[in-house]
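Beneath this line is the structure, given in structure tokens, with notes to follow.
The values are calculated or read from the model by the stated rules, or taken from the named source; none is laboratory data. Fair warning: this is a prediction, and the values are worked out from it, not measured in the lab. We place every Cβ from the backbone using ideal geometry, glycine too, and count neighbours over all the protein chains shown. Just the protein is used for accessible areas: all its heavy atoms, side chains included, with ligands, DNA and RNA removed. Shrake-Rupley method; radii C 1.70, N 1.55, O 1.52, S 1.80 Å.
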Amino acid sequence: MAAAPCGLLLVLLLLASKWNLRLHANRPSNVLPLLCVVLTEIATSEDSLDAIKTLRDEAVARLNQLGKTSDSKEFLERTFLSPAAIRAGKLVQEWMQDAGLDTWMDDIGNIHGRADGANASAPALLMGSHLDTVIDAGKYDGALGIVSAIAAVKMLNSNGKLRSYVRPIEIIAFCDEEGVRFQSTFLGSAAVAGVLRPDILSIRDRSGVTLETSLKTRSFKGTRDSLVQLRYSPESVWGYVEVHIEQGPVLEARGIPLGLVEAIAGQTRLKVRLHGAQGHAGTVPMAMRKDPMPGAAQAIVSVEKLCRDSPTLARVPGGGRLVCTVGEIFSWPGASNVIPGEQVAFTIDLRATDDSLREEIVGEVEESIRSICRGRGLSCTIDKMHEAKAVGCDKDLMASLKAAAESTVLEVPGGGGVDAPAADDLVPSLMSGAGHDAMAMSHLTKIGMLFVRCKGGISHSPAESVSDDDVLASSLSLLHFLNNHLEHEQPAPI
Ligand code: GLV
Ligand code: MN
Ligand code: MN
């Protein structure tokens, strides 16, 4: 099978030098193994160069385009149902159609693209990630998983394998993973997995708009029923696969483009509100104030101390990798000459690989904040905005993704190739401290994830960066996974 494409490769290389085509101008020695593998993937295609264009160049261009689809002119911001989120959804829908998928937007704003394959009623293979971003975001978090999946499926389609695939393939671009707008993360994937909180429609964003109103304003039904109907039945789904940037430094330090996710840390998000007495900054003596701002400051320092030094941490090896962050603080009315007695509010995000440890620390944090409020004569409320247990990836899916990633690592520029580390180290296994849609999807079906190297391990920042060749690694690993699955999996009996 591979001999004919590699013969064709020689012809192509001759033509490439004649036409001065420079696919890898900086790394000519990497062209041969890469093109060779791509040719083996697309033996039925007219033009093998299209594979590089689709898996790398087009994917990179699309990531750049999404990176400019923002609600702010100065930085990238695309939160749940914002104008930029709607524009981004339309782009993704066009790209899914271009890949041969039938598309639709569901009643919470997720974009779906599906091909039924040879058996429309077989359990579907789902792939995806999220379209929303944090504020002042990088352009790869979420978008890479969507764009890579579309690139891989587009290749499958151009190879003529999509329509005859053993099972339906569906890509979902989820509308909310970051939880920036409503603090309640995974709105899109939790709806598909059927695990949205019962009171979800009444949660409010910072300006007091409920989720229900935000949906109705965008012409969605915005009823409990319409959200319940988004749930997929477990029987209709085979598994969920997500590729995501690592958001940490391990892969870069190891010089490897891809990693295999073993498990995802559990997380709790709290919203703390402290109330005192509003007043004039120049007239109320210090001893007569009920000022929630210093109370909030003391509470925040106590959160840091507990998450570093609580004796409870010693109970679990490595302290369960507990991390706590206060990322948002808000004061009302928020003026320099007003004691902000009405309200000072802040968020706490706690994560750990060990659920019971996380729950114990959440208890300690709540008790500490309440005691600070009592000592200062303040009232306070602490609301749990989000909770997700740690999730393990499926062993069989991990094995398939690992095999696909190993082939990819050996083939792509920057993957290591013959200089790669020992075979058992080719694709390291990693824990994810970040949350992913796969967490919500684990309530519906088995999950598997690959991580892609990012520069400096930086994420949730405009400095987030993935090389073009690592975008190729991302798309190609999914293509290998899809092809391997095609060869080895039989559809479940109907
Ligand atoms: C998502 O990026 C999260 O882990 O907060
Ligand atoms: Mn993400
Ligand atoms: Mn993120």
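When the chain is fully extended, how far beyond the present Cα-Cα distance does Ile135 get from Arg224, taking 0.36 nm per residue of separation?
Values: separation 89, 0.36 × 89 = 32.04 nm, distance 2.87 nm.
Result for the pair: 29.2 nm of gain on full extension.
Would you work out if the range 266-388 is rounded, prolate or oblate? Take a ≥ b ≥ c from the square roots of the eigenvalues of the alpha-carbon gyration tensor; rounded if a/c is under 1.5, else prolate when a/b is larger than b/c, oblate otherwise. Show your work: numbers first, answer last.
Details: a/c = 2.95, a/b = 2.29, b/c = 1.29.
Prolate shape, in that a/c is at least 1.5 and a/b is the bigger ratio.
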| remark: For the chain, longest principal axis from Cα atoms; helix 31-41 axis from its Cα atoms; angle between them, nearest 10 degrees, is 80 degrees
| Extension gain from Ala277 to Ser72, taking 0.36 nm per residue of separation minus the Cα-Cα distance | 70.3 nm
| said: Using a 7 Å offset from the Cα along the Cα-to-Cβ direction at both Thr210 and Ala118, what is the distance between the two label points in nm, to one decimal? | reply: 5.0 nm
| said: How large is the accessible surface of Arg62 in square angstrom, using a 1.4 angstrom probe and rounding to the nearest 10? | reply: 20 Å²
| Structure-based [θ]222 nm, the chain - -39500 (n - 2.57) summed over DSSP H runs of at least 4, per residue, nearest 500 | -11000 deg cm²/dmol
| said: Between 0 and 90 degrees, rounded to the nearest ten: what's the tilt of helix 143-158 against the longest Cα principal axis of the chain? | reply: 20 degrees
| How many percent of the accessible area of the chain is carbon or sulfur, using a 1.4 Å probe? | 54 percent
| request: Go ahead and run the numbers for FRET between Glu364 and Leu486, Cβ-Cβ distance against an R0 of 56 Å, rounding to 0.05. | output: 0.65
| note | Between the residues Ser467, Ser70, Ala440, the Cα farthest towards the positive end of the dipole of the chain, that dipole coming from +1 and -1 charges on the beta-carbon of Lys, Arg, Asp and Glu, is from Ser70
| Long pairs among Lys68/Lys90; Lys216/Lys446; Lys139/Lys402; Lys53/Lys139, criterion Cα-Cα beyond 22 Å | Lys216/Lys446; Lys139/Lys402
| field | Furthest towards positive pole of dipole, Phe346, Ile361, Gly282, structure part the range 266-388, Cβ charges | value | Gly282
| Separation of alpha-carbon centers, the range 295-336 and the range 138-155, rounded to whole Å | 34 Å
| query | Once phi is turned into θ = phi - 60°, what whole-Hz ³J(HN,Hα) does the Karplus curve with 6.51, -1.76 and 1.60 give for every residue of the range 273-278, x standing for Gly and Pro? | reply | 10, 10, 10, x, 10, 6
| query | Which whole-Hz ³J(HN,Hα) couplings does the range 87-95 yield from phi under the Karplus relation 6.51 cos²θ - 1.76 cosθ + 1.60, θ = phi - 60°, glycine and proline marked x? | reply | 5, 4, x, 5, 4, 4, 4, 4, 5
| For the range 438-480, what is the accessible area per residue in Å², given a 1.4 Å probe and the full set of protein chains? | 26 Å²
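Normalised by the number of residues in the chain, what is the relative contact order in percent for Cα pairs under 8 Å and 6+ residues apart? Provide the component values of the computation, followed by the final result.
Working: 1032 pairs, mean separation 102.3, N = 494.
In percent, rounded to a whole number, it is 21.
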| query | Averaged per residue, what accessible area in Å² does the range 266-388 show with a 1.4 Å probe, protein chains only? | reply | 50 Å²
| said: Quick check on packing: order 69-77, 308-316, 281-289 by the mean number of other C-beta atoms within 10 Å, highest mean leading. | reply: 69-77, 308-316, 281-289
| task | Specify whether the C-alpha gyration tensor of the range 220-310 places it in the rounded, prolate or oblate class, a ≥ b ≥ c being the square roots of the eigenvalues: rounded for a/c under 1.5, otherwise prolate if a/b is larger than b/c and oblate if not. | result | oblate
| By the gyration tensor of its Cα atoms, with a ≥ b ≥ c the square roots of the eigenvalues, what is the shape of the range 217-258: rounded for a/c under 1.5, prolate for a/b over b/c, or oblate? | oblate
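Would you mind giving the three semi-axes, in whole Å and largest first, of the ellipsoid equivalent to the chain according to its Cα gyration tensor? Before the final figure, lay out the partial values.
Working: eigenvalues 399, 114, 91 Å².
Whole-Å semi-axes of the equivalent ellipsoid: 45, 24, 21.
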